[in-house]
Amino acid sequence: MSASDQLKPSTTHFVGGALVASQGAEEIPVYDPASGDVISSFLGANGQDVDAAVAAAKLSFDKRTWRDLAPTERAARLWAF
């Protein structure tokens, strides 16, 4: 089984705790560094995607959602993702 059989193209971004559809239209290839073959792709973010991500990050910062968590809890959440 090749690497390209395992990786599916991504059309979403993780914003505000959820996967949301990309508004961008530019498909960006992902290369296997060993062979140089294209093994997947993803849609690049556009201004709307960036604005949504920044707004979600600001909301989380203002609510102290992330910064009030203990480092061990942050690590646990990242590993669960």
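The values are calculated or read from the model by the stated rules, or taken from the named source; none is laboratory data. Model, not experiment: these values are computed from the prediction. Remember, those area values only see protein heavy atoms, side chains included, never the ligands or the DNA or RNA. Shrake-Rupley method; radii C 1.70, N 1.55, O 1.52, S 1.80 Å.
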| task | Can you sort L69, L78 by 1.4 Å-probe accessible area, starting with the largest? | result | L78, L69
| task | Please list, in chain and number order, the residues 5+ apart from G24 or on another chain whose amide H is under 5 Å from its amide H, with Hs placed from the backbone. | result | N46
| said: If each DSSP helix of 4+ residues adds -39,500 (n - 2.57) and the sum is divided by the residues in the chain, what number results at 222 nm, nearest 500 deg cm²/dmol? | reply: -11500 deg cm²/dmol
| Prolate/oblate/rounded call for the chain, Cα gyration tensor, a/c under 1.5 rounded | oblate
| query | Counting only protein heavy atoms, what percent of the accessible surface of region 26-81 is carbon or sulfur at a 1.4 Å probe? | reply | 63 percent
| Considering only protein heavy atoms, what per residue accessible area in square angstrom results for the chain with a 1.4 angstrom probe? | 77 Å²
| request: Quick one: compute the contact order of region 24-81, relative version, from alpha carbon pairs under 8 angstrom and 6+ residues apart, as a percent. | output: 23 percent
